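Encoded as structure tokens, the structure appears first; notes follow it.
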Amino acid sequence: MEKMTIYLRPMSENLFEEELTVEALSAMGNPLERLSKKVDFEMFRPILEDTLLPKEVKSAAGRKPIDVVLMFKVIFLQRYYGLGDHQIQYQIIDRTSFRQFLGIHTVDEVPDEKTVWACKNRLSEDGTFDRLFDKFRSYLDSIGLSFNEGKIIDATFVEAPRQHNTHEENKQIKEGNGSSLWQAEDGDSEKEKKRKAHKRSHKDIDARWTKKRGENHYGYKDHVKADKKTKLIEKYHTTDASVHDSNVIEPLIDEKDKGQNLWLDAGYVGKEDVVTKCGMKPVICEKGYRNNPLTDEQKKNNREKSRTRCLVEHIFGFVEEAMNGSFVRSIGIIRAKASTALTCLVYNIFRYEQLCRCQPAIIEKGLASVQG
């Protein structure tokens, strides 16, 4: 058998290597470059500075804090690509597209993983991600991207790190007494107190187990209301996983939704009165039961309703596929709510860019409605 020889071109230094790399990425369709051209992240600066910057600075000495918009864009990348704190630092150093998006040119400018965690923690505890979502939602409304042609409500699981508790511990957690667990007692040694405190910090007493279609889920639920025409998220609500989808309708409906159709899947059967009470018109897929299956006419009606209702699945599909899943790596419902807000914000930003690129007629129609 004749041996094949592979010849490699000699490597040489190119002063324009970074520029050529950026051009190559652009030619291949860099999503972050497209995003930067359509979304001005500076709109978030006032909210970020209000949370992250100290209110009073006694001295100009010391290292200046990292730019707040840069930090938010780091967290934005982290959520979109589903990366941990260590991985986002590594990937920024490694990936040209990340550094270009952030405006970083040297390794010294890359925030370390502890800085990323601390920043994200501050934004989570303060409810800032909710305000950032509202800010971008206000921008979308200002250009007419909220059409009164109907809404869709649905929910998806947000998986959390699974806990390993005893039956008695789980019983107390379900009864709402989880905060009393793993507390130091009189007579405990310092070592035992530290052990209990460490264990307590890793226990999520807000998340719950549930089962759907024979599959177990642990964590939370993200309930969303989306606009039928644009598939943009207008509102969200976070609960533990045991709360049924149909019990979260009223928190998602606003005054401006009244008079519109509201599409829901068969899991919301029996909630027509709730929807009507909120001023909307329920469009709910019918549900078959044992010894009482759906008729052909009902199946036909369900298919017609599902043509619209299934649009919300495109949102969850983007989160699961493009954003590597709906999950939380944190403890407690406060951070789970923050994670939901960030996920919905990241989705809306990418969806807006997609509308600008693929459906400019919708953007033009929205602007015309505002200007007219």
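What are the residues in the stretch 40-85 that are outside any helix (DSSP H, G or I) and modelled with pLDDT of 95 or more, if any?
If the condition is that a residue be outside any helix (DSSP H, G or I) and modelled with pLDDT of 95 or more, then 40 is the only one that fits.
From 220, 268, grab the single residue that is crowded, with 21+ Cβ neighbours inside 10 Å and touching an Asp or Glu at 6+ places or on another chain (Cβ under 6 Å).
Of 220, 268, the one residue that is crowded, with 21+ Cβ neighbours inside 10 Å and touching an Asp or Glu at 6+ places or on another chain (Cβ under 6 Å) is 220.
Can you name the number of the only condition in (1) free of Cβ contacts under 8 Å to residues at least 40 places away in the same chain; (2) open to solvent by 60 Å² or more (accessible area, probe 1.4 Å) that residue 334 fails?
Failing condition for residue 334: (1).
Suppose we filter the stretch 314-364 for residues that are farther than 23 Å from residue 86 by Cβ and not in a helix (DSSP H, G or I); how many remain?
Within the stretch 314-364, residues that are farther than 23 Å from residue 86 by Cβ and not in a helix (DSSP H, G or I) number 1.
Which of the residues that make up the stretch 233-255 are open to solvent by 20 Å² or more (accessible area, probe 1.4 Å), part of a strand (DSSP E or B) and of a type in the set (D, E, K, R)?
If the condition is that a residue be open to solvent by 20 Å² or more (accessible area, probe 1.4 Å), part of a strand (DSSP E or B) and of a type in the set (D, E, K, R), then 235, 240 are the ones that fit.
Return a yes/no flag: does the stretch 274-294 have any residue that is more than 27 Å from residue 158 (Cα to Cα), assigned to a loop (DSSP other than H, G, I, E, B) and aliphatic (A, V, I, L, M).
yes
Within the bounds of the stretch 153-164, is there any residue that is in contact with a Leu (Cβ under 7 Å, 6 or more places away or on another chain), open to solvent by less than 70 Å² (accessible area, probe 1.4 Å), closer than 23 Å to residue 324 by Cα and not in a helix (DSSP H, G or I)?
Scanning the stretch 153-164, I find at least one residue that is in contact with a Leu (Cβ under 7 Å, 6 or more places away or on another chain), open to solvent by less than 70 Å² (accessible area, probe 1.4 Å), closer than 23 Å to residue 324 by Cα and not in a helix (DSSP H, G or I), so the answer is yes.
Let me spell it out: the conditions are (1) open to solvent by less than 20 Å² (accessible area, probe 1.4 Å); (2) among the small types (Gly, Ala, Ser); (3) in contact with a strand residue (DSSP E or B) (Cβ under 9 Å, 6 or more places away or on another chain), and residue 146 meets all of them except one. Which number is the exception?
The single condition residue 146 does not satisfy is (1).
Pairs under 6 Å by beta carbon, first residue more than 16 Å from residue 346 (Cβ to Cβ) in the stretch 69-94, partner acidic (Asp, Glu) and part of a helix (DSSP H, G or I), six or more apart or different chains?
From the stretch 69-94, the pairs are 85/113; 86/113; 89/113.
Which numbered condition in (1) of a type in the set (D, E, K, R); (2) under 28 Å from residue 129 (Cβ atoms); (3) free of Cβ contacts under 8 Å to residues at least 24 places away in the same chain is the only one that residue 256 fails?
Among (1) of a type in the set (D, E, K, R); (2) under 28 Å from residue 129 (Cβ atoms); (3) free of Cβ contacts under 8 Å to residues at least 24 places away in the same chain, the lone unmet condition for residue 256 is (3).
In the stretch 170-222, what count of residues is obtained for those that are aliphatic (A, V, I, L, M) and assigned to a loop (DSSP other than H, G, I, E, B)?
Qualifying residue count for the region: 4.
Of everything in the stretch 88-138, what is part of a helix (DSSP H, G or I), open to solvent by 40 Å² or more (accessible area, probe 1.4 Å) and within 24 Å of residue 30 (Cα to Cα)? Give them in sequence order.
Within the stretch 88-138, 89, 90, 93, 94, 99, 100, 107, 109 meet the criteria.
The values are calculated or read from the model by the stated rules, or taken from the named source; none is laboratory data. Everything numeric in this text was worked out from a predicted model, so none of it was measured. No Cβ is skipped: glycine too gets one built from the backbone with ideal geometry, and neighbour counts run over all protein chains shown. Each accessible area value is taken on the protein alone, full model and side chains, heavy atoms only, with ligands, DNA and RNA left out. Shrake-Rupley method; radii C 1.70, N 1.55, O 1.52, S 1.80 Å.
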